[in-house]
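Asker: I have a structure here, written as structure tokens, and I will follow up with some questions on it.
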């Protein structure tokens, strides 16, 4: 069975970071409404307004994508990475103590968190031309810049406005999702997630 739900910013859940040093906006999580120590997966938007430590999430695999701002430098886990390009996924372990230094003012980033051993997945960046996202138990398409149109087999086109999202739950992980940016500069971020058997 395939179900979908369009999510607006009014559906999102706003809360402090786990370490209290910033604010995050949860777009969706599984199970819905799960606490930070109980989710299988979680997708959120973080506003980073000052240098400091990221919250630690033991047992969580993280992917972040810079969606606004000049960038940041992350140090931790024995290495450092400079995130200066928009819409480039960066994966790291939530086990690591990670410190953030802003390159030139506040940034905003898209976050996918997967509890190791319970969920696996990744983020596809759709820009320029449409893309078919392979089947998965859960897919969330977030319109990060401009709007997009999503197509599920046998269904009508679904318009996703900027800063809105489409959540698709596919019990059999059998239906492809086609995402088409509506303008040349539109960008959609699609998280595809499967739960561990």
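Asker: Restricted to segment 53-69, and to residues that are touching a strand residue (DSSP E or B) at 6+ places or on another chain (Cβ under 7 Å) and outside any strand (DSSP E or B), which residue is surrounded by the fewest Cβ atoms within 10 Å (Cβ to Cβ)?
Answerer: 59
Asker: Select from segment 105-120 the residues that are in contact (Cβ under 8 Å) with a residue 60 or more places away in the chain and at positive phi and list them in ascending order.
Answerer: Listed by number, the list holds a single entry, 117.
To keep it simple, each residue is scored yes or no on (1) surrounded by fewer than 20 Cβ atoms within 10 Å (Cβ to Cβ); (2) under 18 Å from residue 109 (Cα atoms).
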{"site": "137", "(1), (2)": "yes, no"}
{"site": "148", "(1), (2)": "no, no"}
{"site": "154", "(1), (2)": "yes, no"}
{"site": "165", "(1), (2)": "no, yes"}
{"site": "171", "(1), (2)": "yes, no"}
{"site": "178", "(1), (2)": "yes, no"}
{"site": "197", "(1), (2)": "yes, no"}
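Asker: So residue 32 ticks every box in (1) in contact with a strand residue (DSSP E or B) (Cβ under 9 Å, 6 or more places away or on another chain); (2) outside any strand (DSSP E or B); (3) within 30 Å of residue 173 (Cα to Cα) but one. Which box is left unticked?
Answerer: (1)
Asker: Got at least one residue in segment 40-52 being exposed (fewer than 15 other Cβ atoms within 10 Å of the Cβ) and outside any loop (DSSP other than H, G, I, E, B)?
Answerer: yes
Asker: Then there's this: Which condition does residue 10 not pass, out of (1) part of a loop (DSSP other than H, G, I, E, B); (2) farther than 24 Å from residue 124 by Cα, if it passes all the others?
Answerer: Here residue 10 clears every test but (1).
Asker: Same structure again: So which of 169, 179 is over 22 Å from residue 31 (Cβ atoms), in contact (Cβ under 8 Å) with a residue 40 or more places away in the chain and in contact with a strand residue (DSSP E or B) (Cβ under 6 Å, 6 or more places away or on another chain)?
Answerer: Step by step, each of 169, 179 is checked, and only 179 is over 22 Å from residue 31 (Cβ atoms), in contact (Cβ under 8 Å) with a residue 40 or more places away in the chain and in contact with a strand residue (DSSP E or B) (Cβ under 6 Å, 6 or more places away or on another chain).
Asker: Another one. Being in contact (Cβ under 8 Å) with a residue 12 or more places away in the chain and surrounded by 15 or more Cβ atoms within 10 Å (Cβ to Cβ) is the filter here, so list the residues in segment 19-39 that pass it.
Answerer: 21, 22, 24, 25, 26, 27, 28, 29, 30, 36, 39
Asker: Residue 152 fails exactly one of the following numbered conditions: (1) farther than 11 Å from residue 187 by Cα; (2) within 16 Å of the chain's Cα centre (by Cα). What is the number of that condition?
Answerer: (2)
Asker: Could you tell me whether any residue of segment 103-113 is over 25 Å from residue 147 (Cα atoms), assigned to a strand (DSSP E or B) and over 12 Å from the mean Cα position of the chain (by Cα)?
Answerer: No.
FYI, it's all coordinate maths here, none of it is from the lab. Note that this is a predicted model, so its numbers are computed, not measured. Neighbour counts run over all protein chains shown; Cβ positions are idealised from the backbone, glycine included.
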